[in-house]
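Comments concern the structure below.
Where a number appears in this text, it was derived from the coordinates with a stated rule and is not lab data. The shown structure was predicted, so the numbers you read here are calculated from the model rather than taken from an experiment. Here the Cβ positions follow ideal geometry from the backbone for every residue, glycine too, while neighbour counts run over all protein chains shown.
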Amino acid sequence: MTAFSWKSTLGSTKRVLWNLVLIAVGSMLCATGINGILIPQQFLSGGVTGIALVIRYLIPSLPVAMLYFILNIPIYAVGWMHVGRRFFLYSIAGLLIFSGALICPNVLLPVHDKILSALLAGIVIGVGSGIILRSLGSAGGLDILSIILMKRFSIRLGSSVLAFNALVLGVGAVLFSLEMALYTLVYLYVNSSMINLVVTGLSQRKAVHIISPQWETITQEINEKIQRGVTIMRGQGGYTSQEYQILYTVITFRELARLKRIISAVDPNAFVVVTDTLEVMGQRVGNQPHW
């Protein structure tokens, strides 16, 4: 085998191991939140985990891990037809790892107040779910359905999870108590926010529009100092009818402060509009999810 083949094989092995580590770490966090907070506090959850918890509360002899695994079978059948094969295979590994993590002994977290417990559960499980989705796979459940919605309709992961969870929450309020459902709602909101933060928040892209008579100098500075492309568009003032150039560029969140310093140094009176992006496709600055 050539040296190139050895390096390629080694690189592939490292990528596989890294993704499995992400799935394992995220699964352990989620399992800790479920076994250490949700079940002791008799909280519900959303999606497949929520359905498994509802059944478990009704029939305590059934373990959550087994219920979670069985409920995922039809979801994986749908996922096979709509998501990438690499993502699907990693997700099978994720399902096995996550189900195994749920079997581990409960690690009770020393928080007794229900509101604080709901907040902590949202943080722990949200971060865990986000770490799993930062890998090339998932741990099953609604992750797969959420990926399908994101790919086809650009619906953010946390938002779709929150919508799916509303159904389980309503069922829980009817079967158990409204108080349980309200505590669970707090947990779900924090959980969805943490998922959005971990999955997309850390790679958020900013779209910037710049209007300045010094547009040529600003364009050159952006190209040289930030090494980002700039699109130049023609504009016309609605009141003055004066023609001017509008600069448009997409940068990372970390580059925003540097860009503002560059613009202020060239033209302190420049008109600048910074907006968030949902998703960016393309080379170098793109942050399109890998699913």
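Semi-axes of the equivalent ellipsoid of the range 204-276: what are they in whole Å, largest first, if each equals the square root of 5 times a C-alpha gyration tensor eigenvalue?
For the range 204-276, the semi-axes come out at 20, 13, 11 Å.
What are the membrane-span-like helices in the chain by this rule: whole DSSP H runs, Cα extent along the axis at least 20 Å, mean Kyte-Doolittle hydropathy at least 0.5?
3-33, 64-82, 85-103, 114-134, 157-175, 178-199
Given the DSSP H assignment, sum -39500 (n - 2.57) over each helix run of at least 4 residues in the chain and divide by its residue total; what's the result at 222 nm in deg cm²/dmol, nearest 500?
-20000 deg cm²/dmol
Order 58-71, 17-30 from most to least packed using the mean count of other Cβ atoms within 10 Å.
Going by the mean number of other Cβ atoms within 10 Å, highest first, we get 17-30, 58-71.
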